[in-house]
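Trainee: Take this structure, written in structure tokens, and hold onto it; I'll ask about it next.
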Amino acid sequence: MADETIKTEATDATDDPKKIVENTIEQRKASARYFEENYYSEFSEIYRNLNARTVPYKTWNRKSGEWQDDKTSRTNVCAPDHFVMHRRGTARLTRNPPNLRVRGGPDSPEGQANRDKVSAKLMYQWDRSESQRAFKKIVSGAYALGWAVGKSYYDEVPVVRRLRRLTTSLQPKDFDNLADSNDPQVASIVKQFGERLKDPAPFTADEQATMTASLGNEVSLNVNTMKYKGPVLDHVFIGDFYPEPGFRSLSESAYTVENAMRDLDWLKYWQAQTSIDPRTGEEKPVFDAEACNKVMKLASSRGSYRDARENTLRRLMRDEIEIADPEISGKAIKPARKRFMVDERHTIVDGHLCIDFIGEESVYLGRLWYPWETYGRYTYHEMVLIPDLLGGIGQSTLRVTRFLLMLRNARMNQTTDFINNKLLPLMKLRKGSDATAYNLERTEFCRALELDNLNDVEPLMDPMFPGEAWNDQAQYQQQMQSADPSVADFSPGTADVSQVGKFATTAALQQKASDSVTSDTLDQIGFTVRDIVELWLWMNQQAMDEPIQVPRQYFERIDAESIRTAGGNPRQIEVRWQDIQEDYEILPEQGSTLASDDQFRVGALQQFMMLAERHPDIVNLRAVITKLAAATPGVNPEDVILPPPPPSPPVPPVKMNISIAIKWEQLPADVQAKILQGEGFPTDMTHLEGVAKLLKTTREAADNASELERPVDYAGANGNQPATRQ
């Protein structure tokens, strides 16, 4: 069988600008229609509830044949339940920046040190880039609407500070970029020294004297500093973001389109940037100069804003809380800055990720190929706290409980109206009576009904207010708290109005449910944090070129093992690009973003501390108490935890005294000499006496031996004499 190649139909994966513009605009509009039909009305309703707004009461006017606002005194207010749920939940989940752990690389002390360096560096960049601000917005959007989007990019933020310097401490490099200084004295010095400022050698005493005479003892100079260089997290409003309709996740979406308003500075920046085509290796500017000029000509058209022509999410949200569109209402005739609409589409072309920019829905500005290898992942990050079974738009407790809030608002308004009517009873008043308006209206004593004949109207007994009405509202509250246990109220309540905390067992069960929901929510947040920081790590691996000094506090947040084992107390550690060139996996520490006074963390630490007290030989009790102190609000572990005790000095050798009762003269001479020598006494005489005793003993032994060798005399036996040796 002959080889067959797969043939695909020509799409916009070409370099045809016209076709790219057509497909990008159509893809964005198709996604907008999908969201408008399925989600935008729900999202805008939640936004209205968050602002505690209600839909005005309408009555049908038969004469005009249209609906009109009800101008009666009926109560129409919204309970702040959704605001409380959203406020508490978001604040609880985003109190602290995340702590990051890294897994991977070689299993060695050096590999562990590099993993700790990567963790500390990424947390340091999170704080320096102020990404926590965008992270709070992302969590806030996901908690309210069920879906939120963030965006990462590599950025450099140079700033020029106006700082004071002593004239005697100035160096030639301090006068860089001051040729056009507005200070005439500084400009005169720059002109006077001329080429000397290009020489890096320090100023001589005469030159310093000249500058002091002209500038005085101090001078203000512009100092160029790099505020931040590295990855940055930004929040994207979901009403300006359009993935593929029916997408299941952003990684599976065929494209993503972000719609935004830009200005001239943004256009100039990208016109100066270049991009390398990975297919050919050709490098060219991202934006075409002619296309940029064309977009600027169209920027003055006020009809180009989408909110004026389409039902965008921004427009629907503003309508719900009765806020006018700022692009249409209250705008200056001659705006201070020209703005234009840009569609930024991320897609895959020939296996490579790229960004196509469309200006004013008609002009193709150019294409930017991803400057980093992101391994098929967009630079956008989605957050879904409650996954949905059908698609990428998740659920949220606010969307699920919006009908309960409607019932609660209706019952609360009815209860208020009933009480108002009870406080202002209806009284019959005969026309022409002496009662004045002051007695009846200004004191709000009652509502007067004027009659010619008092018998025309007979009073009827109003029904008693049922106690179940109060219980009805409490039930709605309890049902909403069941949907979101983290906002449960454990107040005792009353016999008529029962609350969730009426019984201790109910409160305990509710707390357990809250912990379970919190754990699941933290897992979903951890997935998003991991996606964000992994992309940051890849950017650092490919773009980092200068070492970074990471302060000690970021190592202490994760209790870095490499720092503990190395000893010492370093204030900062240098991280180089060589230290991060491994295949690492990011593991966010669960619960690290929670509020510092959160019972979820404190309770777990208290339970673990009790376990540590039972097994001090296994668990480091000091480390557990230190973490518990750090989780307690207003407590600094360094202030309340005593430092470790100093190491014990080495144990000196044991000295022993042994007393032996023995006669000195009976000891052998060598033993006597050894004892005297150990105590530091002279031993010469002792040796002489010992030698004499040794000779005497030897002589006696020899005599005894010779006596044994003599023959025995048996004659003495017959003469009754003892036998002797001859």
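The values are calculated or read from the model by the stated rules, or taken from the named source; none is laboratory data. As the structure is a prediction and not an experimental result, all values here were calculated from the model. Don't worry about glycine lacking a Cβ; one is built from the backbone with ideal geometry, like all the others, and counts go over all protein chains shown.
Trainee: If we only count strands (runs of 3 or more DSSP E) wholly inside segment 225-291, which ones have 2 or more residues that are under 16 Å from F35 (Cα atoms) and modelled with pLDDT of 90 or more?
Mentor: On the way: elements: 241-243, 255-263, 274-276, 283-285.
By residue number, 241-243, 255-263.
Trainee: In this structure, does G634 turn out to be modelled with pLDDT under 70, closer than 30 Å to L594 by Cβ and either surrounded by 10 or more Cβ atoms within 10 Å (Cβ to Cβ) or among the small types (G, A, S) (or both)? Outline the logic, then answer.
Mentor: Working: modelled with pLDDT under 70: yes; closer than 30 Å to L594 by Cβ: yes; either surrounded by 10 or more Cβ atoms within 10 Å (Cβ to Cβ) or among the small types (G, A, S) (or both): yes.
For G634, the condition - modelled with pLDDT under 70, closer than 30 Å to L594 by Cβ and either surrounded by 10 or more Cβ atoms within 10 Å (Cβ to Cβ) or among the small types (G, A, S) (or both) - is met.
Trainee: Restricting to segment 350-367, count the residues that are assigned to a strand (DSSP E or B) and surrounded by fewer than 19 Cβ atoms within 10 Å (Cβ to Cβ). Before the answer, list the steps.
Mentor: So in segment 350-367, the residues assigned to a strand (DSSP E or B) come out as 352-359, 363-367.
From what is left, the residues that are surrounded by fewer than 19 Cβ atoms within 10 Å (Cβ to Cβ) are 352, 354.
Residues flagged as assigned to a strand (DSSP E or B) and surrounded by fewer than 19 Cβ atoms within 10 Å (Cβ to Cβ) within segment 350-367 amount to 2.
Trainee: Kindly indicate whether N259 is touching a Lys or Arg at 6+ places or on another chain (Cβ under 7 Å), in contact (Cβ under 8 Å) with a residue 60 or more places away in the chain, not hydrophobic (A, V, I, L, M, F, W, C) and not assigned by TED's automatic domain parsing to the domain that holds L163. Let's see the steps before the verdict.
Mentor: Values: touching a Lys or Arg at 6+ places or on another chain (Cβ under 7 Å): yes; in contact (Cβ under 8 Å) with a residue 60 or more places away in the chain: yes; not hydrophobic (A, V, I, L, M, F, W, C): yes; not assigned by TED's automatic domain parsing to the domain that holds L163: yes.
Here the answer is yes, as N259 does meet what is asked.
Trainee: Would you pick out the residues in segment 368-416 that are in contact with a Gly (Cβ under 6 Å, 6 or more places away or on another chain) and part of a strand (DSSP E or B)?
Mentor: H381, I386, Q395
Trainee: Could I ask something else about it? For T204, work out the one condition from (1) hydroxyl-bearing (S, T, Y); (2) exposed (fewer than 12 other Cβ atoms within 10 Å of the Cβ); (3) closer than 14 Å to S220 by Cα it doesn't fulfil.
Mentor: Only one criterion is unmet by T204, namely (3).
Trainee: Could you please give the count of residues in segment 549-561 that are in contact with an Asp or Glu (Cβ under 7 Å, 6 or more places away or on another chain) and buried (at least 21 other Cβ atoms within 10 Å of the Cβ)?
Mentor: Count: 2.
Trainee: Looking for something within 29 Å of T397 (Cα to Cα), among the charged types (D, E, K, R), surrounded by 15 or more Cβ atoms within 10 Å (Cβ to Cβ) and out of contact with any helix residue (DSSP H, G or I) (no Cβ under 8 Å at 6 or more places or on another chain) - is there at least one such residue anywhere in segment 43-61?
Mentor: Within segment 43-61 (the criterion being within 29 Å of T397 (Cα to Cα), among the charged types (D, E, K, R), surrounded by 15 or more Cβ atoms within 10 Å (Cβ to Cβ) and out of contact with any helix residue (DSSP H, G or I) (no Cβ under 8 Å at 6 or more places or on another chain)), the answer is no, since none of the residues qualifies.
Trainee: When you look at A209, is it closer than 30 Å to S44 by Cα and either in contact with a helix residue (DSSP H, G or I) (Cβ under 8 Å, 6 or more places away or on another chain) or modelled with pLDDT of 80 or more (or both), yes or no? Talk me through it step by step, then tell me what you get.
Mentor: Values: closer than 30 Å to S44 by Cα: no; either in contact with a helix residue (DSSP H, G or I) (Cβ under 8 Å, 6 or more places away or on another chain) or modelled with pLDDT of 80 or more (or both): yes.
For A209, the condition - closer than 30 Å to S44 by Cα and either in contact with a helix residue (DSSP H, G or I) (Cβ under 8 Å, 6 or more places away or on another chain) or modelled with pLDDT of 80 or more (or both) - is not met.
This table checks each residue for (1) among the aliphatic types (A, V, I, L, M); (2) surrounded by 13 or more Cβ atoms within 10 Å (Cβ to Cβ); (3) in contact with a strand residue (DSSP E or B) (Cβ under 7 Å, 6 or more places away or on another chain).
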site	(1), (2), (3)
R103	no, no, yes
P106	no, no, no
P109	no, no, no
N114	no, yes, no
Q125	no, yes, yes
S129	no, yes, yes
K136	no, yes, no
A144	yes, yes, no
D174	no, yes, yes
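Quick grid of which residues meet (1) at pLDDT 90 or above; (2) among the β-branched types (V, I, T):
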{"site": "W372", "(1), (2)": "yes, no"}
{"site": "Y380", "(1), (2)": "yes, no"}
{"site": "V400", "(1), (2)": "yes, yes"}
{"site": "K428", "(1), (2)": "no, no"}
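Trainee: Also, quick follow-up: Which ones in segment 229-240 are of a type outside the set (A, V, I, L, M) and buried (at least 17 other Cβ atoms within 10 Å of the Cβ)?
Mentor: Going through segment 229-240, the residues of a type outside the set (A, V, I, L, M) turn out to be 229-231, 234-235, 237, 239-240.
Of everything in segment 229-240, those that are of a type outside the set (A, V, I, L, M) and buried (at least 17 other Cβ atoms within 10 Å of the Cβ) turn out to be K229, G230, P231, D234, H235, G239, D240.
Trainee: Give just the number: which of (1) over 17 Å from Y153 (Cα atoms); (2) touching a Leu at 6+ places or on another chain (Cβ under 8 Å); (3) not small (G, A, S) does W270 not satisfy?
Mentor: Evaluating W270 over (1) over 17 Å from Y153 (Cα atoms); (2) touching a Leu at 6+ places or on another chain (Cβ under 8 Å); (3) not small (G, A, S) leaves (1) as the failure.
Trainee: Which residues, taken from segment 311-347, are among the acidic types (D, E), modelled with pLDDT of 75 or more and assigned to a loop (DSSP other than H, G, I, E, B)?
Mentor: So in segment 311-347, the residues among the acidic types (D, E) come out as 319-320, 322, 325, 327, 343-344.
This time we only want the ones that are modelled with pLDDT of 75 or more, so: 319-320, 322, 343-344.
E322 - this is the single residue of segment 311-347 that is among the acidic types (D, E), modelled with pLDDT of 75 or more and assigned to a loop (DSSP other than H, G, I, E, B).
Trainee: Out of all the residues in segment 196-219, which are part of a loop (DSSP other than H, G, I, E, B) and closer than 11 Å to Q185 by Cα?
Mentor: Here is the first cut: in segment 196-219, the ones part of a loop (DSSP other than H, G, I, E, B) are 199-204, 216-217.
G216 - this is the single residue of segment 196-219 that is part of a loop (DSSP other than H, G, I, E, B) and closer than 11 Å to Q185 by Cα.
Trainee: For segment 36-122, give me every one of the strands (runs of 3 or more DSSP E) that falls completely inside it and has 2 or more residues that are more than 30 Å from T416 (Cβ to Cβ). So that I can check it myself, show each step before the final result.
Mentor: Numbers: elements: 58-61, 66-69, 100-104.
Output list reads 100-104.
Trainee: Does any residue of segment 666-676 turn out to be more than 28 Å from L93 (Cα to Cα), basic (K, R) and either modelled with pLDDT of 80 or more or part of a loop (DSSP other than H, G, I, E, B) (or both)?
Mentor: Residues of segment 666-676 more than 28 Å from L93 (Cα to Cα): 666-676.
Of the ones still in play, those that are also basic (K, R) are 674.
Next cut, either modelled with pLDDT of 80 or more or part of a loop (DSSP other than H, G, I, E, B) (or both) only: none.
No.
Trainee: Identify all residues within segment 558-603 that are assigned to a helix (DSSP H, G or I) and either modelled with pLDDT of 85 or more or closer than 30 Å to S516 by Cβ (or both); write none if there are none.
Mentor: Looking only at segment 558-603, we keep the residues that are assigned to a helix (DSSP H, G or I), and these are 561-566, 577-580, 599-603.
Residues satisfying the conditions are W577, Q578, D579, I580, Q599, F600, R601, V602, G603.
Trainee: Return the residue satisfying two criteria in turn: it lies in segment 336-392 and is under 15 Å from N23 (Cα atoms) and among the acidic types (D, E), and of such residues it is nearest to the chain's Cα centre (by Cα).
Mentor: Applying the filter and picking the extreme gives E344.
Trainee: Do any residues in segment 283-296 that are without any contact (Cβ under 8 Å) to a residue 60 or more places away in the chain and of a type in the set (A, V, I, L, M) have Cβ atoms under 8 Å from those of residues that are crowded, with 19+ Cβ neighbours inside 10 Å and not in a helix (DSSP H, G or I), where the two are at least six apart or on different chains, and which pairs are they?
Mentor: Listed pairs, sorted by first residue: M296/F340.
Trainee: Of all the residues that make up segment 181-195, how many are part of a helix (DSSP H, G or I), charged (D, E, K, R) and either on the phi > 0 side of the Ramachandran plot or surrounded by 13 or more Cβ atoms within 10 Å (Cβ to Cβ) (or both)? Walk me through it before giving the result.
Mentor: At the first step, the residues of segment 181-195 found to be part of a helix (DSSP H, G or I) are 184-195.
Okay, now just the ones that are also charged (D, E, K, R), so 191, 195.
Going one step further and asking which of them are either on the phi > 0 side of the Ramachandran plot or surrounded by 13 or more Cβ atoms within 10 Å (Cβ to Cβ) (or both), we end up with none.
Adding up the residues that qualify gives 0.
Trainee: Could I ask something else about it? Looking at segment 161-187, which of its residues are modelled with pLDDT of 80 or more and of a type outside the set (D, E, K, R)?
Mentor: Passing the criteria: L163, L166, T167, T168, S169, L170, Q171, P172.
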